[in-house]
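Single-structure report; data block below.
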Amino acid sequence: MTTLPQSTDKKLGLVIDLDTCVGCHACEISCKEWNTSNYGAPLSDVDAYGANPVGTFLNRVHSFEVKQENKPAQVTHFPKSCLHCEDAPCVTVCPTGASYKRTEDGIVLVNESDCIGCGLCAWSCPYGAREMDALAGVMKKCTLCVDRIYNENIPERDRVPSCVRTCPAGARHFGDLGDPDSDVSRLVAERGGMELMPEQGTKPVNRYLPPRPKADVEEIDVLAPFLQRQDEEAGGFLGWLDRTLEKL
Amino acid sequence: MHPAPSVIIFTTLSGLGFGLMMFLGLGFLDVSGWVAFVFVAIAYALAGGGLLSSLFHLGHPERFMKALRQWRSSWLSREGVLSFLTMGLFGIYALLWIFMDTRVAWLGYLAAASAVATVFATSMIYAQMKSVPRWHSFLTPVMFLMYALAGGALLSTQTYIAGLLFLLLVPVQAMIWVVGDRAFGASGSTMGTATGLGKLGKLRLLEKPHSGNNYLLQEMVYKIGRKHATKLRLFALAFGSLLPAALLVVFPASHVMMLLVILIHLTGLFAQRWLFFAEAEHVVGLYYGQR
């Protein structure tokens, strides 16, 4: 069914802390590793060792620079994956019903055996969360590691999305954003978690925690005293020579 | 957006084919027998050829029948269902026309209405995309329908109606471009809203996520040839509607004349449709510092 559920029992999603993310891309790589070898078609690469490598990724880390006037520039790393929107346009545009949102936990998935690879869902997503696999010809997207989080064959601490389990900085959090008392919901409330592109009306579930404001300090350049030009007048013979030559 | 040839051919040819079906269904063109057969064949070749071309855009064309299932929610699915319905209705109408020499008016009207609905559904595939502000407008269906009607009038040799529609298309197309140029700015989506970092200061992309290319950039951040946009717009306007209108008004209709006008219109139409895709900017470009 490609109509969206009226409501979902849970709203599973990610909370990504932009203050903590160090931009190491480990989430991106662990995502590729887990998802290329588990649920669905592998995430293929084309020309992987050639001049123009192109590959399918479900998570990508962008880096932005924010600059306020008279203040040092601030770098923010920005991991981006499917936001598992409540009003997901990628679900309703699908002509086959391959794209769907689960009623039990709100995860947006693709049934690959029904996908005709028309690419319309990728067009409809404002976030660029879906990528067509060049070899499999079907649409790939973040599954919120649906094959990990309910998997009783792996240790309990591993039953979170691969990106969350991997993040060395602890910048990624996983939980039920529909439950106001969950850890992730409290984190969002405390830190003012943001929706991406709210004007698109997609009602994303994932939230981003903004970078904390930097302390207002004067720009201190520790090397400045050592780099100042030494223009003092030379004394003695050289000073006389300098002054004499100046007069000529 | 990437102007894939398969999709350009699909939207242009199927638009013309369904436009022709509409005029034939409404009872225009007073012919019968073999001549009727030729016109019916042209309509089917265009509509069917266009639909066939759209299959090349799919990753799994062999599964296309599955696309007919979700007509309740998906415009693409509705388009598929409606195009089959139109071709079925028009097929019965055409068989009676060619072999029994009777044109069943109500059946023709039904086929014509279905043809219009098909073109409308095609246009809504694009118009529904909030993520592509230039397309997300009622002007997109207006544009698709007007080109289909004008082309259908031309192909069914209704020179007067075709000339009038082409004349009307000139200001409408110009307005669509003017409005479209402002659409992205008016959508409110910026790099600031895309990242939520807009409030913190002046924002710029420091590093792309990867050094190479990816599907998103190839498909949705297409920029090649935009520098020629103004020239192409003038070309599309001249060949797509202005010149056909002028030729239809000035010269008396003849087979050679009509063929020439059709070819001129088709060239302009291809340019117009290429621009429709190439000029459309997807908001995902904001994550890459590009629009």
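The values are calculated or read from the model by the stated rules, or taken from the named source; none is laboratory data. These numbers were taken from a predicted model, which means no experiment stands behind them. Virtual Cβ from ideal backbone geometry, glycine too; neighbours counted across all protein chains shown. We work out accessible area using only protein heavy atoms, side chains counted, and drop any ligands, DNA or RNA first. Shrake-Rupley method; radii C 1.70, N 1.55, O 1.52, S 1.80 Å.
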Neighbours by Cβ (under 6 Å, 6+ apart or cross-chain): first from the stretch A:63-83, basic (Lys, Arg); second open to solvent by less than 40 Å² (accessible area, probe 1.4 Å):
A:LYS67/B:GLY201; A:LYS80/A:ARG60
Looking at the stretch A:1-14 only, could you name the residues that are more than 18 Å from A:ARG60 (Cβ to Cβ), open to solvent by less than 50 Å² (accessible area, probe 1.4 Å) and either at pLDDT 95 or above or more than 14 Å from chain B (Cβ to nearest Cβ) (or both)?
A:THR8, A:LEU12
Only residues that are within 20 Å of B:LEU145 (Cα to Cα) and either open to solvent by 20 Å² or more (accessible area, probe 1.4 Å) or in contact with an Asp or Glu (Cβ under 9 Å, 6 or more places away or on another chain) (or both): list them for the stretch B:23-32, please.
B:LEU26, B:GLY27, B:PHE28
Residue list for the stretch B:170-222, restricted to those being of a type in the set (Gly, Ala, Ser), out of contact with any strand residue (DSSP E or B) (no Cβ under 8 Å at 6 or more places or on another chain) and in a loop (DSSP other than H, G, I, E, B):
B:GLY188, B:SER189, B:SER211
Candidates B:LEU232, B:LEU217, filtered to the one that is out of contact with any Leu (no Cβ under 8 Å at 6 or more places or on another chain), open to solvent by less than 70 Å² (accessible area, probe 1.4 Å) and modelled with pLDDT under 95:
B:LEU217
Out of B:LEU55, B:LEU51, sole residue that is within 12 Å of chain A (Cβ to nearest Cβ) and under 18 Å from the mean Cα position of the chain (by Cα):
B:LEU55
What residue, of A:THR56, A:THR76, is facing another protein chain (nearest Cβ under 8 Å), in contact with an Asp or Glu (Cβ under 6 Å, 6 or more places away or on another chain), more than 24 Å from A:ASP176 (Cα to Cα) and surrounded by 21 or more Cβ atoms within 10 Å (Cβ to Cβ)?
A:THR56
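The rows are residues; the columns are (1) within 30 Å of B:SER131 (Cα to Cα); (2) free of Cβ contacts under 8 Å to residues at least 40 places away in the same chain; (3) open to solvent by 20 Å² or more (accessible area, probe 1.4 Å).
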{"residue": "B:ALA245", "(1), (2), (3)": "no, no, no"}
{"residue": "B:PRO252", "(1), (2), (3)": "no, yes, yes"}
{"residue": "B:VAL256", "(1), (2), (3)": "no, yes, yes"}
{"residue": "B:LEU263", "(1), (2), (3)": "no, yes, yes"}
{"residue": "B:THR267", "(1), (2), (3)": "yes, yes, yes"}
{"residue": "B:ALA280", "(1), (2), (3)": "yes, no, no"}
{"residue": "B:VAL283", "(1), (2), (3)": "yes, no, no"}
{"residue": "B:GLN290", "(1), (2), (3)": "yes, no, yes"}
Are any residues in the stretch B:186-203 modelled with pLDDT under 95 and open to solvent by 60 Å² or more (accessible area, probe 1.4 Å), and if so, which ones?
B:LYS199, B:LYS202
Here are the criteria: (1) within 11 Å of another protein chain (Cβ to nearest Cβ); (2) open to solvent by less than 70 Å² (accessible area, probe 1.4 Å). Tell me which single one B:GLU62 does not satisfy.
(2)
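Determine if the stretch B:2-16 includes at least one residue that is open to solvent by 30 Å² or more (accessible area, probe 1.4 Å), under 23 Å from B:PHE99 (Cα atoms) and assigned to a loop (DSSP other than H, G, I, E, B).
No: zero hits.
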Would you mind finding the one in B:ALA253, B:ALA246, B:ALA229, B:ALA186 that is within 14 Å of chain A (Cβ to nearest Cβ) and of a type in the set (A, V, I, L, M, F, W, C)?
B:ALA186
With the checklist (1) farther than 28 Å from B:HIS282 by Cα; (2) in contact (Cβ under 8 Å) with a residue 24 or more places away in the chain in hand, flag the one item B:TRP75 doesn't pass.
(1)
Would you be able to say whether some residue in the stretch B:94-116 is modelled with pLDDT of 95 or more, in a helix (DSSP H, G or I), of a type outside the set (D, E, K, R) and under 15 Å from the mean Cα position of the chain (by Cα)?
yes
Criterion violated by B:ARG134 - all others in (1) within 30 Å of B:VAL178 (Cβ to Cβ); (2) within 12 Å of another protein chain (Cβ to nearest Cβ); (3) in a loop (DSSP other than H, G, I, E, B) satisfied
(2)
Six or more apart or on different chains, Cβ under 7 Å: which pairs go from a residue in the stretch A:43-57 that's more than 15 Å from A:LYS140 (Cα to Cα) to one that's assigned to a strand (DSSP E or B) and of a type in the set (Asp, Glu)? Could you list them?
A:PRO53/A:ASP45
